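The values are calculated or read from the model by the stated rules, or taken from the named source; none is laboratory data. This one's a predicted model, so the numbers in the text were calculated from it and none came from an experiment. Note: ideal-geometry Cβ built from the backbone for every residue, glycine included; neighbour counts use all protein chains shown. The area values use the complete protein model at the heavy-atom level, side chains included, leaving out ligands, DNA and RNA. Shrake-Rupley method; radii C 1.70, N 1.55, O 1.52, S 1.80 Å.
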Amino acid sequence: MGRIFVSAGHGGSEGGRVDPGAIAGGTTEAQQMILLRDVIVPELRSRGFEVLSVPDTLSLRSTISWINERARSGDVAIEIHADSFSDPTARGATAFYVAGNQTRKKHGDMILLSLIRRLPQLPSRGSRPDTATGVGRLAFCRDVAIASILLEVGFLSNPEDRALMINRRRDMALGIADGLEAWSREVSGTSPKPPIVTHPVINIQINGQVYEEQGVLINSNSFIPMDLVDRLNVDLSQKPNIRLVEYQGVVYVKAVELREFNISVGWDNGTRTVVLRSLNQTCLTTIDRIMGQGRTSEVQLIMFLKANHESALSQFPDLPRFFREEGALEGVNHDIAFSQMCLSTNFLRFGGQVTPSQNNFATLGTVGGGGYASFPSAQIGVRAQIQHLKAYASLEPMVQEIVDPRFRFVTRGIAPTVGQLAGRWSSDPLYGDKILAILRRLYESAGII
C-alpha cells in the first residue's frame, strides 16, 4: 500500500520569518491547518495507512525537498490550506491539481466529494488547474515527485467557513481522510510488493509535426526528453526548481512546465500524444510589451471570459469589444489590458473595494486620496485603463480626450513592459507575472500558443 504525505500549509520559516498565512477572526491559517492535520494523520494511521507528516518548521521549498527525498512509487501527497479574500462572503473548498492532468482532476474531485459528504454545510468550488491561480503555477502541484494535490478547505476570511474549521474540525478531517484513502488505494492498490516501475510511452507533436522521439507518462503527467527542450530553445536554467526525471538513460521534464516559456501544451487522448505549439520569434519578444497590436478576436475574448466566469458578461456584454476598440485607437495591446482586467476584477466577479457600478476595471485611483475612481460607463472605464497603460508605456501623444484621473502624475514611458508595472500600478511584486500568466492562458485558449 502506498504511503500518504500530509503537509499543513504555511507556518514554516523563510529567511528567519515565520509565515502565518491568512489571518482572520483572531486566528491564522497556519494554526488552523496544523490542528486539522493533527486530526487527519492519526485517523489515517488508525485505518492502516503509513502516513508521513511534514515538519511544521519547513518552508515551501524545503517541504517539497523533504517529500521528494522520501517519496517512492505509489505514494501520494496533499497540502492543506485555507483561502482568504477581501470579500468576506466568498467561501468554499477547492482542490488544485497540475494543469492538463485529468487524472489528477478526478482525484481532486474525489477528495472534495468525500469532504462534502462529511460536511455538507461547506460549499465545493470544484477542482481547478494550478494555472487558474494568480501566479499561474503552484509549486506543490508541479514540483512534488509523486501525485500531489493542494486542497483549500475553505475561506478563513468567511465567518461560516472559519466556524466549520474550528468547530467541525473532526468532521472536516474525516472527510479529507476518506478522500485520501480512496485516492491512495486507486493510485497504489493494496499489493504489498509493487511491480518494477515502468512508464507508458507517449507520442510527441510539435507545431503540427510528429517528433521522432517519444515521451513518457509519469503519475499521469506528460514528460518529454530534454533534447526536445533544447530544440525549442528553452533555457530551463532560468527555473532551477523545475524537477527533472531520469528514466532508462534519458532525462525528461514535465511538459506543462514549458508553458512558462510560451509553449502551448495540449493532449490528444485518441493518439496518446502530447501536443506542443510554440510562439513565433516575433511574438516571443513582444508578448510583454504594452504597446502593440493584440492578437485575439472579440469572440475569443468572450469565450475565455465565459470559461472562467460563466455569467461574467451579463452586466458588461460589450466589454471585449471596448477593449479591442480602445486599445487599437491608442496603440495599446488589448490582450494585455484585457488580462489586467481579468486579474483586477477576478474575471468580473469583483468582490473587493471596487464595485461593478464604478466601471473601474483596473483599480484606478482618484486624485487627492479620494479612493477608487468611478466612470460614467464601461467604455469610459476601459478608456481610462488604456490611457493609464499608454502613459506608463509610451511617450506618444494621446488620441482621445484624457479621462484617466491620474494620467498627469505618471512619468511617461517609464514602464514599457508588463513586468515594470509591479511597484507602480500595484504594490504586489508579482503583479506583472500574474497578468502574464492570465495572458498565456488567454493565448492558449485561443490557439495562439
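Brief remarks on what is shown
- When the test is whether a residue is in contact with a Leu (Cβ under 8 Å, 6 or more places away or on another chain), of a type in the set (Phe, Trp, Tyr) and in contact (Cβ under 8 Å) with a residue 60 or more places away in the chain, Phe5 passes it.
- Tally of residues being closer than 15 Å to Ser339 by Cα and either in a helix (DSSP H, G or I) or β-branched (Val, Ile, Thr) (or both) across segment 402-426: 4
- The selection criterion, being assigned to a strand (DSSP E or B) and at pLDDT 90 or above, does not hold for Ile34.
- Contacts under 6 angstrom Cβ, first residue in segment 341-359 being free of Cβ contacts under 8 Å to residues at least 24 places away in the same chain, partner open to solvent by less than 30 Å² (accessible area, probe 1.4 Å), 6 or more apart: Ser344/Ala362; Thr345/Phe361; Val354/Asn360; Asn359/Phe375; Asn359/Ala378; Asn359/Gly381
- Which numbered condition Pro429 fails, given (1) outside any helix (DSSP H, G or I); (2) in contact with a strand residue (DSSP E or B) (Cβ under 7 Å, 6 or more places away or on another chain); (3) under 21 Å from Phe316 (Cα atoms): (3)
- In segment 49-61, of all residues being open to solvent by 20 Å² or more (accessible area, probe 1.4 Å) and modelled with pLDDT of 90 or more, the one that is farthest from the chain's Cα centre (by Cα) corresponds to Glu50.
- The one condition in (1) open to solvent by 10 Å² or more (accessible area, probe 1.4 Å); (2) out of contact with any strand residue (DSSP E or B) (no Cβ under 9 Å at 6 or more places or on another chain) that Ala173 fails to fulfil: (1)
- Listed by position, the helices (runs of 4 or more DSSP H) contained in segment 247-361 that have at least 2 residues being in contact with a helix residue (DSSP H, G or I) (Cβ under 7 Å, 6 or more places away or on another chain) and open to solvent by less than 60 Å² (accessible area, probe 1.4 Å) are 298-308, 319-330, 334-345.
- Test: residue in segment 133-156 that is within 18 Å of Lys106 (Cα to Cα), of a type in the set (Asp, Glu) and open to solvent by 60 Å² or more (accessible area, probe 1.4 Å): no
- Complete set of residues in segment 372-388 that are open to solvent by 20 Å² or more (accessible area, probe 1.4 Å) and free of Cβ contacts under 8 Å to residues at least 24 places away in the same chain: Tyr372, Ser374, Pro376, Ser377, Ile380
- Residue pairs whose Cβ atoms lie under 8 Å apart, sitting 6 or more positions apart in sequence or on different chains, and linking a residue in segment 389-401 that is within 17 Å of Ala337 (Cα to Cα) to a partner that is part of a helix (DSSP H, G or I) and small (Gly, Ala, Ser), are Leu389/Ala337.
- Within segment 39-79, the set of residues being part of a helix (DSSP H, G or I), in contact with a strand residue (DSSP E or B) (Cβ under 7 Å, 6 or more places away or on another chain) and either closer than 18 Å to Asn219 by Cβ or touching a residue at least 24 places away in the same chain (Cβ under 8 Å) (or both) comprises Ile40, Val41, Leu44, Thr63, Ile67, Arg70.
- Within segment 237-246, considering residues that are of a type outside the set (D, E, K, R) and assigned to a strand (DSSP E or B), the one nearest to the chain's Cα centre (by Cα): Leu244
- Residues of segment 201-218 satisfying the condition of being modelled with pLDDT under 85 and polar (S, T, N, Q): Asn207
- Within the option set Asp404, Asp428, being touching a residue at least 12 places away in the same chain (Cβ under 8 Å), of a type in the set (Asp, Glu) and closer than 27 Å to Pro356 by Cα holds for one residue only, Asp404.
- Residue, most open to solvent (accessible area, probe 1.4 Å), within segment 395-449, restricted to residues that are over 30 Å from Asn207 (Cα atoms) and among the aromatic types (Phe, Trp, Tyr): Phe409
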